[in-house]
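Below is one structure, written out as structure tokens; the observations come after it.
Nothing in this text is a laboratory measurement; each read-out follows from the coordinates by a stated rule. Please read all numbers here as calculations on a predicted model, not as lab measurements. Because the Cβ atoms are built from the backbone with ideal geometry, glycine has one as well, and the counts that use them run over all protein chains shown.
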Amino acid sequence: MKQEKDKIIELTDIEGKKTKYEILDVIVKDDEDYAILLPDGSEDEVVIFKVLPSDDDETEYIELEDEDLADEIFNEFIERIDEE
């Protein structure tokens, strides 16, 4: 997946609420893409979404609910930050 870091996206939840996010990074794990997103207005709380490309050039973001997997992905994200 070729997501740009520092790109702003707007996602709509199932209730129709729109939220803007900054894409901080995309981690590939087991051939799946996971986006580390910073919600608009937040300075220290990130969320992790599984990224699913679709046929109509739209990208679907599914919030990751598997806490163990989320921890693994977050730890890899932190390691990348530390390397920079």
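Run the paramagnetic zone check for Glu32: 7 angstrom along Cα to Cβ, then residues of the stretch 41-72 with backbone nitrogen under 14 Å.
Residues 48-53, 61-72 fall inside that zone.
What is the Cα coordinate range of the stretch 7-83 on the first, second and third principal axes, sorted by size from largest, in whole angstrom?
The Cα atoms of the stretch 7-83 stretch 35, 30, 23 Å along the principal axes, largest first.
Between the helical axis of 67-83 and the dominant principal axis of the chain, each derived from Cα atoms, what acute angle in degrees is found, rounded to the nearest 10?
So the helix axis and the longest Cα principal axis differ by about 60 degrees.
In nm, what is the difference between 0.36 nm times the number of residues separating Ile81 and Lys20 and their Cα-Cα distance?
Here the answer is 19.7 nm.
Under 5 Å between amide hydrogens, which residues at least 5 positions from Leu64 or on another chain qualify, with H placed 1.01 Å from N in the peptide plane?
Under 5 Å from the amide H of Leu64 lie the amide H atoms of Ile48, Phe49, Lys50, each far enough along the sequence or on another chain.
If you count, for each residue, the other Cβ atoms within 10 Å and average over each peptide, how do 17-23, 50-56 line up from highest to lowest?
On the way: 17-23: 14.3, 50-56: 11.3.
Top to bottom by mean Cβ count within 10 Å: 17-23, 50-56.
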